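Engineer: This structure is in structure tokens; I'll ask about it shortly.
The values are calculated or read from the model by the stated rules, or taken from the named source; none is laboratory data. Bear in mind that the values here come from a model prediction, so they are computed numbers and not experimental data. Here the Cβ is made from the backbone with ideal geometry for all residues, glycine too, and neighbour counts use every protein chain on show.
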Amino acid sequence: MEIASPKGFLYSVAKAEIRYTNRYDIALIYSKKVAAVAGVFTTNQIKAAPVKICMKRIKNNTAQAIVLNSGNANACTGKKGVEDALKITELIAEKLNIHKEYILPLSTGVIGVPMPMDRILPALNILVENLGKATPFDVAQAIMTTDKFPKITYRQIEIQNRVSTITGICKGAGMISPNLATMLCVILTDAKINVDLMKKMLQNSIQDSFNSITVDGDMSTNDTVIMLANGESLIEIERGDSSYKKFNEALNELCNELAHLIVKDAEGATKFIKISVKNAKNSSDAKKVAKAVANSLLVKTALYGEDPNWGRVVAAVGYSGVPVKEEKIELYINGVCLFDKGVPTMKEEELRESIKNKEIEILINLNVGKAEKTIFTSDLSEEYVRINSAYRT
């Protein structure tokens with residue numbers, strides 16, 4: 001798969017056998033020059049060791065490398081977990097001859113298991129020796145856990161005959177209900193961006209992308225989005241001009257595509273579901289209603305079974321915690337009106353055929369205001385139970 005890489009970034013992968021044998025499970029991303037950095041992290045009160053380190057280090061607004069591993073989350077591993085993550089960054093820094101504070105560790109995998117440092121440390125030598133021999137696609141593969149396919153995409157913008165590239169690498173299929181904040185995302189660009197401006201753009205971009213998806217309602221201890229901008233393209237993004245508009249649109253598109261790929265690859269999923277709430281009192285209410293429906297096990301299993309049991313959707317609206325008026329609610333699934341201002345339309349048969357589709361659209365009109373919100377989710381199948389009932393066995 002051909003993926004454009006921003007100028008000035010090098011990649012490497014290695015086999016550390018962290019959890020599985022004979023597969024790439026550790027990766028290194030390196031910028032030839034120090035880059036501006038922004039990050040957003042899980043709001044789970046229990047945070048993995050790498051998250052704690054990254055949250056502290058990005059306060060310096062600069063970074064130069066990211067080391068990522070799959071197979072072990074390094075979460076709930078106490079003081080030793082932090083020491084292990086720091087040791088990894090220290091050894092990489094020494095081998096690359098850069099400041100250790102410029103290296104950000106990211107981990108994903110099983111919670112509560114110590115890092116197998118006896119296997120990881122030798123793999124770090126291989127990472128540095130092979131730097132530049134891998135591609136962004138290789139990195140995306142190395143960080144997969146229960147993912148069925150690597151998640152990677154890119155966008156390019158042209159300004160004054162120069163091209164700037166934004167590349168996004170992501171993983172995630174289960175334990176997905178980010179409130180950025182097991183999801184990791186790295187966004188790389190060769191544009192030059194003021195750190196404060198980049199932070200604002202990243203925060204805005206995740207609201208309708210990573211903050212608008214849910215697979216199972218579980219928020220990970222490791223959710224992380226890191227963005228690096230090294231300025232190698234010589235294109236400068238400045239607030240208020242055409243460069244800002246082009247870059248911002250490209251970043252929004254990239255984040256949305258990656259977020260949707262996570263939902264489409266959800267553990268055991270057979271359907272991609274779009275839930276739109278319109279005419280709510282405010283955007284917060286709209287999001288609460290949409291998430292209540294998206295996380296409803298009864299709604300998700302009904303759609304998996306292709307059962308037109310629309311009453312489960314209305315019930316979820318009612319327990320969302322948002323004040324609603326039954327006599328004003330309208331419900332549409334795949335364009336079929338099933339509930340019209342408190343009265344059933346008895347059109348289940350019209351819906352029955354269309355819910356066999358791989359993509360389902362649910363529209364809930366509350367008719368109490370003008371705000372709206374869209375959330376993306378998946379159905380729930382026996383396969384999800386199988387995967388997560390045997391994750392550590």
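Engineer: Determine if segment 248-271 includes at least one residue that is over 12 Å from the mean Cα position of the chain (by Cα), small (G, A, S) and part of a helix (DSSP H, G or I).
Structural biologist: So far as segment 248-271 goes, yes, one or more of its residues are over 12 Å from the mean Cα position of the chain (by Cα), small (G, A, S) and part of a helix (DSSP H, G or I).
Engineer: Next question, about the same structure. Taking the stated definitions as given, is P6 modelled with pLDDT of 95 or more, under 23 Å from K151 (Cα atoms) and in a helix (DSSP H, G or I)? Break it down stepwise before answering.
Structural biologist: Numbers: modelled with pLDDT of 95 or more: yes; under 23 Å from K151 (Cα atoms): yes; in a helix (DSSP H, G or I): no.
No, not satisfied.
Engineer: Return the total of residues in segment 23-38 being closer than 18 Å to M115 by Cα and either modelled with pLDDT under 95 or surrounded by fewer than 23 Cβ atoms within 10 Å (Cβ to Cβ) (or both). Steps first, please.
Structural biologist: Residues of segment 23-38 closer than 18 Å to M115 by Cα: 23-28.
Adding the requirement that they be either modelled with pLDDT under 95 or surrounded by fewer than 23 Cβ atoms within 10 Å (Cβ to Cβ) (or both) leaves 23-24.
So the answer is 2.
Engineer: K287: more than 30 Å from R19 (Cβ to Cβ) and touching a Gly at 6+ places or on another chain (Cβ under 9 Å), yes or no? So that I can check it myself, show each step before the final result.
Structural biologist: Values: more than 30 Å from R19 (Cβ to Cβ): yes; touching a Gly at 6+ places or on another chain (Cβ under 9 Å): no.
No; evaluated as a whole, the condition is false for this residue.
Engineer: Would you point out the residue of segment 39-60, among those that are surrounded by 16 or more Cβ atoms within 10 Å (Cβ to Cβ) and under 19 Å from I98 (Cβ atoms), that is nearest to the chain's Cα centre (by Cα)?
Structural biologist: Filtering first and then ranking leaves G39.
Engineer: Right, here's the next one. Would you pick out the residues in segment 321-346 that are crowded, with 17+ Cβ neighbours inside 10 Å and either small (G, A, S) or in contact with a Pro (Cβ under 9 Å, 6 or more places away or on another chain) (or both)?
Structural biologist: I333, V336, L338
Engineer: Take the residues of segment 236-260 that are surrounded by 23 or more Cβ atoms within 10 Å (Cβ to Cβ) and in contact with a Lys or Arg (Cβ under 8 Å, 6 or more places away or on another chain): which is farthest from P105 (Cα to Cα)? Please lay out each step first, then the result.
Structural biologist: Pass one, segment 236-260, residues surrounded by 23 or more Cβ atoms within 10 Å (Cβ to Cβ): 237, 247, 251, 255, 258-259.
Then keep just the ones that are in contact with a Lys or Arg (Cβ under 8 Å, 6 or more places away or on another chain); that gives 237, 251, 258.
Numbers: I237: 27, L251: 23, L258: 21 Å.
Selected residue: I237.
Engineer: Kindly indicate which of I262, I273 is aliphatic (A, V, I, L, M) and at pLDDT 90 or above.
Structural biologist: On the way: I262 fails: at pLDDT 90 or above.
Just one listed residue meets the conditions, I273.
Engineer: For segment 89-99, state whether one or more residues are of a type in the set (D, E, K, R) and more than 30 Å from D196 (Cβ to Cβ). Explain how you work it out, then say what you get.
Structural biologist: Going residue by residue through segment 89-99, those that are of a type in the set (D, E, K, R) are 90, 94-95.
If we keep only those that are more than 30 Å from D196 (Cβ to Cβ) as well, we get 94-95.
Checking segment 89-99: at least one residue is of a type in the set (D, E, K, R) and more than 30 Å from D196 (Cβ to Cβ).
Engineer: Next question, about the same structure. Select from segment 296-319 the residues that are surrounded by 19 or more Cβ atoms within 10 Å (Cβ to Cβ) and in a loop (DSSP other than H, G, I, E, B) and list them in ascending order.
Structural biologist: Of everything in segment 296-319, those that are surrounded by 19 or more Cβ atoms within 10 Å (Cβ to Cβ) and in a loop (DSSP other than H, G, I, E, B) turn out to be S296, P308, W310.
Engineer: What single numbered condition from (1) within 19 Å of T377 (Cα to Cα); (2) part of a loop (DSSP other than H, G, I, E, B) fails to hold for N222?
Structural biologist: Against the list (1) within 19 Å of T377 (Cα to Cα); (2) part of a loop (DSSP other than H, G, I, E, B), N222 comes up short only on (1).
Engineer: I'm trying to understand the selection: among the residues of segment 272-295, which are assigned to a helix (DSSP H, G or I) and surrounded by fewer than 21 Cβ atoms within 10 Å (Cβ to Cβ)?
Structural biologist: From segment 272-295, those assigned to a helix (DSSP H, G or I) are 283-294; that's our starting set.
If the condition is that a residue be assigned to a helix (DSSP H, G or I) and surrounded by fewer than 21 Cβ atoms within 10 Å (Cβ to Cβ), then S283, S284, K288 are the ones that fit.
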